[in-house]
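Asks: Sharing a structure below in structure tokens format, with a few things to ask.
The values are calculated or read from the model by the stated rules, or taken from the named source; none is laboratory data. These figures come from a predicted structure and were not determined experimentally. Heads up, the Cβs are rebuilt from the backbone with ideal geometry, glycines too, and the neighbour counts pull from every protein chain shown.
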Amino acid sequence: MTPERYIHQARADGRTALDESAGKQLLAAYGIAVPKSAVVKGPEEVAAAFKTLKAPVVVKVVSPDILHKSDAGGVKVNVQSAAEAEAAIRAMAAAPQIRSANVEGYLIEEMAPAGQEIVVGGLRDPEFGPLVMVGLGGIFVEVLADVSFRICPITRLDAQEMLAELKGAAILKGARGRKPASQEAIIDVLMKVGGEDGLLMCHADDIKEADVNPLIVSESGAVAVDARFILS
Ligand code: ADP
Ligand code: MG
């Protein structure tokens, strides 16, 4: 499918945002690594889905009503078997916030290799057009707002500078006993999102906001494990 299809399909379905699976397919269409996954309607479809995937997997609720899946009890990581995935889905379906939501299914996806969690995002500024953003994950973004922005399109040098100007830049290099995160892998993703032929430039009229949170970056690569695109 051409990348536009994911956006057209979402609009045809009356959506204002791409669901996680479509968002990841859009990222994959731009060469960004995403976990191998399957979407199931319920526990009865898990066994078949499991045959196509390699454990451990993550199970996530798919609902346009639920923006923060973990907060709603809608994410279970490190799931080792089909039976465990079925149980996870039953438990999710019973959680208060999920029970009252429009649940479209459950995403089952392979675990990304361990690494540091960073955030890559984008938004459309009415004056400057698409902007691309990078930050360190978790509290660094949420509490410390340690992020850097550039107007698209960016060059590799811009991407390098964006990382260098983060206050927590040393963490990516492996400060305090952490394994280093591949800077090249992050720069590659920033280019695929914010570069000249990148996703934000190619869909400037359609994408209002993009959020890859997190991108899990190991010493050798980066995988986008959560994706949210809000349409203009
Ligand atoms: P949300 O942000 O909606 O709560 P996420 O999809 O970001 O849900 O999942 C929550 C957390 O679970 C992520 O920040 C990450 O730590 C972990 N996680 C999710 N998917 C994967 C995956 N495929 N591999 C490894 N860890 C994952
Ligand atoms: Mg997330």
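Asks: So the check is Cβ under 9 Å with 6+ separation or different chains; which pairs have a first residue in segment 14-40 that's closer than 12 Å to Val62 by Cα and of a type in the set (A, V, I, L, M) and a second one that's part of a loop (DSSP other than H, G, I, E, B) and at pLDDT 95 or above?
Replies: Leu18/Ala227; Ala22/Arg15; Ala22/Ala227; Ala38/Thr52; Ala38/Leu53; Val39/Asp19; Val39/Glu104
Asks: Among the residues of segment 7-20, is there at least one that is away from ligand 1 (no atom under 14 Å from the Cβ), of a type in the set (A, V, I, L, M), within 26 Å of Lys192 (Cα to Cα) and at pLDDT below 95?
Replies: No: zero hits.
Asks: Any residue in segment 140-151 that is part of a helix (DSSP H, G or I), away from ligand 1 (no atom under 16 Å from the Cβ) and under 19 Å from Gln116 (Cα atoms)?
Replies: No - not one qualifying residue is present in segment 140-151.
Asks: Filtering segment 21-43 down to residues that are within 11 Å of ligand 1 (Cβ to nearest atom) and under 18 Å from Glu104 (Cβ atoms), which residue is surrounded by the most Cβ atoms within 10 Å (Cβ to Cβ)?
Replies: That would be Lys24.
Asks: For segment 197-217, check the following and say yes or no: at least one residue is acidic (Asp, Glu) and either touching a Lys or Arg at 6+ places or on another chain (Cβ under 6 Å) or within 16 Å of ligand 2 (Cβ to nearest atom) (or both).
Replies: Yes.
Asks: Of the residues Leu172, Leu231, only one is surrounded by 15 or more Cβ atoms within 10 Å (Cβ to Cβ) and either within 16 Å of ligand 2 (Cβ to nearest atom) or modelled with pLDDT under 95 (or both); which?
Replies: The conditions single out Leu172.
Asks: Further question: Filtering segment 44-67 down to residues that are more than 10 Å from ligand 1 (Cβ to nearest atom) and among the charged types (D, E, K, R), which residue is surrounded by the most Cβ atoms within 10 Å (Cβ to Cβ)?
Replies: So, considering only residues that are more than 10 Å from ligand 1 (Cβ to nearest atom) and among the charged types (D, E, K, R), the one surrounded by the most Cβ atoms within 10 Å (Cβ to Cβ) is Glu45.
Asks: Could you grab me the full set of residues in segment 15-29 that are in contact with a Pro (Cβ under 9 Å, 6 or more places away or on another chain) and not acidic (Asp, Glu)? So that I can check it myself, show each step before the final result.
Replies: Quick first cut of segment 15-29, residues in contact with a Pro (Cβ under 9 Å, 6 or more places away or on another chain) only: 15-17, 19, 24-26, 29.
Within segment 15-29, Arg15, Thr16, Ala17, Lys24, Gln25, Leu26, Ala29 meet the criteria.
Asks: Can you confirm whether segment 40-58 contains a residue that is within 16 Å of ligand 2 (Cβ to nearest atom) and modelled with pLDDT of 95 or more?
Replies: yes
Asks: Please go through segment 73-91 and give me each residue that is within 12 Å of ligand 1 (Cβ to nearest atom), of a type in the set (A, V, I, L, M) and buried (at least 20 other Cβ atoms within 10 Å of the Cβ), ordered by number.
Replies: First, pick out the residues of segment 73-91 that are within 12 Å of ligand 1 (Cβ to nearest atom): 73-79.
Adding the requirement that they be of a type in the set (A, V, I, L, M) leaves 75, 77, 79.
Val79, the sole residue that qualifies.
Asks: If I filter segment 201-210 down to residues being out of contact with any helix residue (DSSP H, G or I) (no Cβ under 9 Å at 6 or more places or on another chain) and among the acidic types (Asp, Glu), which single residue comes out as surrounded by the most Cβ atoms within 10 Å (Cβ to Cβ)?
Replies: Glu209
Residue-by-condition table, conditions (1) in contact with a Pro (Cβ under 7 Å, 6 or more places away or on another chain); (2) more than 13 Å from Leu27 (Cα to Cα):
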residue	(1), (2)
Arg156	no, yes
Glu165	no, yes
Gly168	no, yes
Arg178	no, yes
Leu190	no, no
Gly195	yes, yes
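Asks: Away from ligand 2 (no atom under 16 Å from the Cβ), at pLDDT below 95 and over 18 Å from the mean Cα position of the chain (by Cα): which single residue out of Ala145, Ala82 fits that description?
Replies: Ala145
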